[in-house]
Each structure stands twice: as C-alpha cells, then as structure tokens.
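Scroll down for the structure; my scribbles are underneath it.
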Amino acid sequence: MTVSSVGAKRRQPSLAQLRAFAAVAEHLHFRDAAAAIGMSQPALSGAVSALEETLGVTLLERTTRKVLLSPAGERLAVRAKAVLEEVGALMEEAEAVRAPFTGVLRLGVIPTVAPYLLPTVLKLVHDRYPHLDLQVHEEQTTSLIEGLTTGRLDLLLLAVPLGVPGVVELPLFDEDFVLVTPLGHPLGGREGIPREALKELNLLLLDEGHCLRDQALDICREAGRADAPVTTTAAGLATLVQLVAGGLGVTLLPRTAVRVETSRSDRLLTASFAEPAPARRVALAMRTGAARGAEYRELSGALREALRPLPVRVLDRPENLA
C-alpha cells in the first residue's frame, strides 16, 4: 500500500459535502437541491463530486434529463441523513448548554439544612429558572464533598467553612443557635443566657458524621466545657427534639429549624443566647473553575434575596468574606 493510498483512506467527508449529497438525494435535481440549501449549482455539483472522490464510490447516475441514485448512493444517502440529523442534535444540545440555567443541576444538601431551606430554594428555581432541571441529593457533609470533587454533584448547600482545596464557598447567611429545653427547665423561655450555661447541661447530639454535631461540640468547648459526655444520640433533628421533649436533655438548633421542629411538640421551650450568640454560616459551594461558575454566583445572589424573610443574617457582601 502506498503512502498516497493511506492518506486517501484517512480523508473524511465534510459536512458541506454530506449536506449537498443529501439534498440531491432528496430532490433528485441539482437546481432544486442547490436552492433548498442555499448553495450555487456549480458549488453543489463540486461538493458531490468531491464526496464521491473522498469515499471512492459513485453516488449518482447523471443523465441530461435527470439524476438517479446509484445502488451505493441509495445506501449512503440514509447514512448521510442520519449523520446530519445527529450533527443538528449536537448543535441544539450545545445551544442548550450555552443558555444559562438550563439542563441538569445536581444540588447536594446537608440534612440539617434541607428541610428548612429547600422550600425557598425550590420556589426560587420554579419561579425564576423554569428550564433548570434541579435534582436534589440529601447527604452528610463528607459524602457531599466527595460528590462535588468527583463530579457526581454540581453544587452544594451546607454549613461552612469547609477548608477543602479546589472548592469555592459562596456564603449566603449566618444564623444563631437556639437552646431547646423541655418544659420546666430553668433556662426554658429565657433570653440572653450566657454560653457558659452549657457547661452543666446534658446536651443531646446528632450521630457522628453530622456537621451540626461538630458545631455543637465546638460551641461547648468555646463555653469552657472540656468534654460533652454523649449518652444518647439521634439520626435527625426531628428525633433529637422529641428526645428533649421527653426530658432526656437539651439540644442546640439552628434558628431556621426552630419553627419546624419545635411545632412537633407542646412540651418544648426555647432560649436565646447573649450576644454574640453562637452561630453557623451556610453557603453554596462549587468546584474551583466550574464551567457554570457564573451561573452559580448569580444563583447565590438570587438565593440571598429569597432568604431574607427567614430568621437569618443575609450576607450582603460575601465577596469580602474569608
């Protein structure tokens, strides 16, 4: 086999050649085919001839009166049409990708945020981004970070800071923690209690793996409590609050969760801390250099505005926050 023949085998037909041939195969007339695709008749004829040379087969039988497809042309016309349809679909998909807030967005949310913020998030997406296919995954922080860094998830909604290389945090708001007690507890219903009060309390916690558990333990340490003996734990805040209602201890809830969780029982009281109250920060998180980073930043701004009715301190200038 010669070098020239190897080169010929590697030649690929162009889309213009395929488009010209498909038009002729449909109309069986050069003039009509040329008009249909907006090409001059000489250019159309040249494109079909070039395609025949590239493929090494005769596609058309030309006579003075009409054009006929050769046996090879009949077979390859079907293939050419399929290729052009796929290219069209590719272009449509690319256009959809270029359009902001379309396609799939896989959002990961921690369990201590999901029940309280998702109603706001879902309404925002439904009203403002109706063409966005939002898919929600509720998981603990470690699993969410793994999903983000491996590409399984696109965006996270969780408590920060994470301190994970390659992850950008888009802060949304800060919210205070509230002490939840059973009826009759001496701190129940009080305002401005000192953090140091946590030193002597039987604090109920979530299971290991929940970031809220770690936050509660950090608050205890900041209050001067060296340890927090754990005798009872819960998998979720709903169970945790019911344990408090049953008199097994007290717990800490983020303020966004208070209305939902304390409404489940009439045997609960809440108490607020003196300023500065212990708090947590909630943010969106994305991969550094994410292709849709501009969309995620716009979404974070829209979400801040939507969250203002909630009992949180919305961060108006998050770009200045560490």
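The values are calculated or read from the model by the stated rules, or taken from the named source; none is laboratory data. None of these values were measured; they are calculated from a predicted model. Cβ: placed from backbone, ideal geometry, glycine included. Neighbour counts: every protein chain shown.
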>> Being out of contact with any helix residue (DSSP H, G or I) (no Cβ under 6 Å at 6 or more places or on another chain) and modelled with pLDDT of 95 or more is the requirement here; does Ala294 meet it?
In response: no
>> Show the residue pairs meeting these rules: Cβ distance below 9 Å; 6+ apart or different chains; first residue within segment 70-85 and over 9 Å from Leu18 (Cβ atoms); second residue part of a helix (DSSP H, G or I) and among the aromatic types (Phe, Trp, Tyr).
In response: Gly73/Phe21; Leu76/Phe21; Ala77/Phe21
> Would you pick out the residues in segment 93-110 that are buried (at least 18 other Cβ atoms within 10 Å of the Cβ) and out of contact with any helix residue (DSSP H, G or I) (no Cβ under 7 Å at 6 or more places or on another chain)?
Replying inline: Leu105, Leu107
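Could you list, in sequence order, the residues of segment 141-163 that are farther than 25 Å from Pro311 by Cβ and surrounded by 17 or more Cβ atoms within 10 Å (Cβ to Cβ)? Let's see the steps before the verdict.
To start, the set of residues in segment 141-163 that are farther than 25 Å from Pro311 by Cβ comprises 142-143, 145-154, 163.
Result: Ile145, Gly147, Leu148, Leu153, Asp154.
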> Would a scan of segment 44-59 turn up a residue that is touching a strand residue (DSSP E or B) at 6+ places or on another chain (Cβ under 7 Å), surrounded by 15 or more Cβ atoms within 10 Å (Cβ to Cβ), free of Cβ contacts under 8 Å to residues at least 40 places away in the same chain and not aliphatic (A, V, I, L, M)?
Replying inline: no
> Just one of the numbered conditions (1) modelled with pLDDT under 95; (2) surrounded by 21 or more Cβ atoms within 10 Å (Cβ to Cβ) is not true of Glu319; which one?
Replying inline: (2)
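Here is a list: Arg190, Arg221, Arg195. Which entry is over 30 Å from the mean Cα position of the chain (by Cα) and closer than 30 Å to Ser143 by Cα? Give the steps one after another, and end with the answer.
Working: Arg190 fails: closer than 30 Å to Ser143 by Cα; Arg195 fails: closer than 30 Å to Ser143 by Cα.
Checking each option against the conditions leaves just Arg221.
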>> Just checking, does segment 126-140 include any residue being part of a helix (DSSP H, G or I), out of contact with any Phe, Trp or Tyr (no Cβ under 8 Å at 6 or more places or on another chain), crowded, with 21+ Cβ neighbours inside 10 Å and not assigned by TED's automatic domain parsing to the domain that holds Leu248?
In response: no
